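In what follows, a single structure is set out as structure tokens and then discussed.
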Amino acid sequence: MNDTVLVLSVVSAIVAGTPILFAALGEILTERSGVMNLGVEGMMLIGGVTGFWAGVQTGNLWLALLAGGLAGAALSGIHALLAISLRVNQIVSGLALVIVGGGLSAFWGSSGDDPLIQSFNGVRVEPLLPEALRDLPAVGPIVFGHDPVVYVSWLIVAAAAYFLYRTTPGLSLRAVGEDPAAADAAGLSVTGIRYLFTLVGGFGAGVGGVYLALVVLGTWQTGMTAGAGWIAVALVILAGWRPWLALAASYVFGALRTLGFTLQIAGVEVPSDFLNMIPFVVTFLVVIVVSANPERARRVGAPASLGEPYSREAR
Amino acid sequence: MTLRLGVEPRARPALPVRLGVPVASLLAAGLAGAVVILVAGASPVEAYRTMLDASLNGVRPLTRTLVLATPLILTGLAAAVAFRMKVWNIGAEGQLYMGAIAAAGLALALPSGTPKPLMLLVILVAGAVAGALWAGLAALPKAYFNTNEVITTLMLNFVALYFMNYLIFGSVSFWRDPEAMFPQGKLIPASAQLPIISHRLHYGLLVALAAALVLWWSLRGTTWGFELRTIGDSPAASRYAGMSVSGKVLSVLALSGALAGVAGAIEVSGVLKTLDPRAIATELGFTGIVVAAVARLNPLGVVPVAVLLGAVVASGTNLQTVGLEAEIVFLLQGLIFLFVAAGEFFLANRLVFPRTAAAVGSP
């Protein structure tokens, strides 16, 4: 029962979806403040290489996640400076982050006497819960069999949803994203809140990159994200900027990314290049479908000031 | 007295400012790159001298730089024309692949005895059409549903990449050489190869330069260009003035895709002589975005900037002689992009020095 194709594919979908989930959650919080950061791919890469390096140095998963998160946040700080303070076009600034993050991580990962590429990380990732629970049929591996980071991600989804809809700071965040002028008039620091949540978003992407390198792939590869960061950006739109929907959507995309593995054990032959295409084709189609229905598009609408810099003088 | 720098917006800056800010941004990126090179344990002076030698010193390095600059001019123009209307085509990468696939396909399918001028014309047109159609997949939903084109064009890059890999590595397709031991594409006939100017430099460069001139003129001197610029500055006002914004989205994205597709066709016809996915997928599309940003979306500015970035790319492998990995060139491109983006602030705003602020401030 526990090694049926279905159970195995659900488990691998959750593992493969977790990096996207961290990145998408971070981006949801950033975009809720009105800042669009397209640099997720770059932040995941810089977080991944930093976390992988920290993992090799310390052998400690949590230190690696922290280091990668901080590296992602540092890169997002550049976006904050450009997009919030210098009011540079946010699409241009986000793309610059992708290229800088990709270049810096490729350079760091492949240079030096002891390059990180393909090296052994030595970080042990163990399941959290006791064996008795993990051996239960079906729910054992799917619900109880994961490493601690997956459970942390569930807690963060719940915390993010509670924060956004049930707390005053969460309301402030949404207010800044919807109507920065009104939020400013109400005494909120638009700049401060936008900076903070841009950094939070970078931290999330960085953590996602570390999980991808250390747990999903088990090694550092140049350009290892292969579009995962962009999928995360798209997923924010598909999830309508809502944390719980992001959780569900991340696992669906995890399932699409591991579809080849699933079909292989099910004995179905599909060329791997077409399997690799599937998440991108699905994202392409779903983004169009979501936008094609104006009623739905209005209901799940983006934060009203998304992508627009705020300047008190320019009003 | 508090020393506080004020900021105020300015109208179109004077020419020295418009040229000076990008140059200053490039110098700042070079300085930041020097810091990275120092941290990596190499000498920045030696590294930059190696780059200059490898890219500009002599006929052979110079032609190599221009060969790399040729596709960058075209992808730079592709980004510039779309971005000028604030349509964010991030898909030049995939449009270029589709152009390369179409060009290689027709070069192999047509009789090898086809007269060269006709063959070359067909190949370039095929590249343009394939790129335009691939961009069209994102342009139609953008025009009719206002679908976010950043996401759609980007997703299509990956689809095109895997499709191209499938044709050579994943199957024995029409493009693949069935005799070769390792997966590789069939060689295109001599009649489909662009003639050579000098060393490896081919006439594709002239195609790219002509495209830059025509685009520059179209943006300045035609109604089409005027409407494009107006829509970019204010879509609402243009709609009120009776312009068809969705029609313009279609034509601009198709043109942008066509330019990227031609770049792919030229790479196949002038450089690779076969469909070689590994050699084509070298981020030419993304680098084109950097080119367009540094050139401030001016089609004539795209040309020198593409040569500059072509020089950076050309010198990548030579940097290993001074102990730097070739990946440093991507980092340098990223730094250039970042500092140029920051420079936009100084073009849009003027710094007000504290003298005026102090006059109204406290004693």
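Every number in this text was worked out from the coordinates using simple rules, so none of it is lab data. Model, not experiment: these values are computed from the prediction. Note that we place each Cβ from the backbone using ideal geometry, even for glycine, and neighbour counts take in every protein chain shown.
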- Task: Just the number, please: Stokes-Einstein D of region B:185-230 in µm²/s, Kirkwood Rh from C-alpha pairs, 25 °C, 0.890 mPa s.
- Result: 187
- Task: Rank by packing, highest mean first: peptides B:299-310, A:92-103, A:11-22, A:244-255, with packing defined as the count of other Cβ atoms within 10 Å averaged across residues.
- Result: A:92-103, A:11-22, B:299-310, A:244-255
- In whole angstrom, how far apart do the alpha carbon centroids of region B:249-270 and region A:194-208 sit? 36
- Task: Rank A:Arg87, A:Arg242, A:Arg32 by mean-square fluctuation in a GNM of chain A with C-alpha springs under 10 angstrom and give only the top-ranked residue.
- Result: A:Arg87
- Query: Regarding region B:56-165, what are the three Cα extents along the principal axes, ordered largest first, in Å?
  - Reply: 46, 41, 26
- Where the centre of each part is set by its Cα atoms, how far does region B:121-160 sit from region B:178-241, in angstrom? 15
- Message: Give me log10 I(q)/I(0) at q = 0.21, 0.24, 0.28 Å⁻¹ for region B:134-199, Debye formula, one equal scatterer per alpha-carbon, no solvent.
- Response: -0.85, -0.93, -1.08
- When the dipole is taken about the Cα centre of the protein assembly as shown, and only Lys, Arg (+1) and Asp, Glu (-1) are charged at their Cβ, what size is it in debye, to the nearest 20? 2020
- Task: May I ask for the equivalent-ellipsoid semi-axes of chain B, computed as the square root of five times each C-alpha gyration tensor eigenvalue and listed largest first in whole Å?
- Result: 38, 28, 17
- Message: Using the Kirkwood formula on the Cα atoms of region A:5-299, what hydrodynamic radius do you get, in angstrom to one decimal?
- Response: 19.5
- Note on the structure: Per-residue ellipticity at 222 nm attributable to helices in chain B (runs of n ≥ 4 DSSP H, -39500 (n - 2.57) apiece, nearest 500 deg cm²/dmol) works out to -22500 deg cm²/dmol
- Counting only DSSP beta bridges with both residues in the protein assembly as shown, what percent are antiparallel, rounded to the nearest 5? 90
- With the dipole of region B:74-306 worked out from charges on the C-beta (+1 for Lys and Arg, -1 for Asp and Glu) around the Cα centre, which of B:Leu167, B:Leu137, B:Ala210 lies farthest toward the positive end? B:Ala210
- Query: Picking from A:Trp154, A:Ser172, A:Thr258, whose Cα lies most toward the positive end of the charge dipole for region A:146-284 (charges on Cβ: Lys, Arg +1; Asp, Glu -1)?
  - Reply: A:Ser172
- Task: May I ask you to derive the FRET efficiency for A:Ala185 and A:Leu155 from their Cβ-Cβ distance with R0 = 41 Å, giving the value to the nearest 0.05?
- Result: 0.70
- Degrees, to the nearest 10: B:284-294 long Cα axis against longest axis of chain B: 30
- Note on the structure: Going from the fewest other Cβ atoms within 10 Å to the most, one would list A:His146, A:His79 as A:His146, A:His79
- Test item: B:280-293 mean partner chain Cβ contacts at 10 Å: 2
- Task: Go from 0 up to the bin containing the longest alpha carbon distance in region B:274-355, width 5 Å each, and give me the % of pairs per bin.
- Result: 3, 13, 19, 20, 16, 12, 8, 5, 3, 1, 1, 0, 0
- Item | Lysine pairs with alpha-carbon atoms under 21 Å apart, chain B, spacing 8 or more or separate chains | 6
- Hey, got the average number of other protein chain Cβ atoms within 10 angstrom for residues in B:254-266? 0
- Task: Express in % the proportion of alpha carbon pairs of region B:186-262 at distances exceeding 21 Å.
- Result: 46
- Item | Rg over Rh, two decimals, the protein assembly as shown (C-alpha only, Kirkwood Rh) | 0.97
- Task: Determine the calculated [θ] at 222 nm for chain A from helices alone, applying -39500 (n - 2.57) to every DSSP H run no shorter than 4 residues and normalising by the residue count; nearest 500 deg cm²/dmol.
- Result: -22000 deg cm²/dmol
- Message: With the crude spin-label approximation of a point 7 Å out along Cα→Cβ, what separation in nm comes out for A:Ala248 versus A:Thr167?
- Response: 2.5
- Just subtract the alpha-carbon distance of B:Thr114 and B:Ser246 from 0.36 nm times their residue separation and send over the number in nm, one decimal. 43.5 nm
- So what's the angle, to the nearest 10 degrees on a 0 to 90 scale, between helix A:272-292 and the longest Cα principal axis of chain A? 30
- Item | Residues listed by number, region B:27-68, amide nitrogen under 15 Å from B:Leu300 label point at 7 Å toward C-beta | none
- Efficiency by 1/(1 + (r/R0)^6): what FRET value for A:Leu217 and B:Thr223, r their Cβ-Cβ distance, R0 = 35 Å, to the nearest 0.05? 0.10
- Query: How large is the dipole of chain B about the Cα centre if only Lys and Arg carry +1 and Asp and Glu carry -1, each at its Cβ, rounded to the nearest 20 debye?
  - Reply: 940
- For a footprinting-style exposure proxy, rank B:Ile231, A:Ile265 by other Cβ within 10 Å, fewest first. A:Ile265, B:Ile231
- Message: Could you order the peptides B:235-248, A:174-187 from most to least packed, using the average number of other C-beta atoms within 10 Å per residue?
- Response: A:174-187, B:235-248
- Item | Efficiency of FRET between A:Leu81 and B:Val17 - r from beta-carbon atoms, R0 22 angstrom, step 0.05 | 0.55
- Item | Cleavage-rule hits (chymotrypsin sites (Phe, Trp or Tyr not before Pro)) in region A:117-199: DSSP loop, at most 10 neighbouring Cβ within 10 angstrom | A:Phe120
- Surrounding net charge for B:Thr222, when Lys and Arg each add one and Asp and Glu each subtract one, Cβ distance under 15 Å: +3
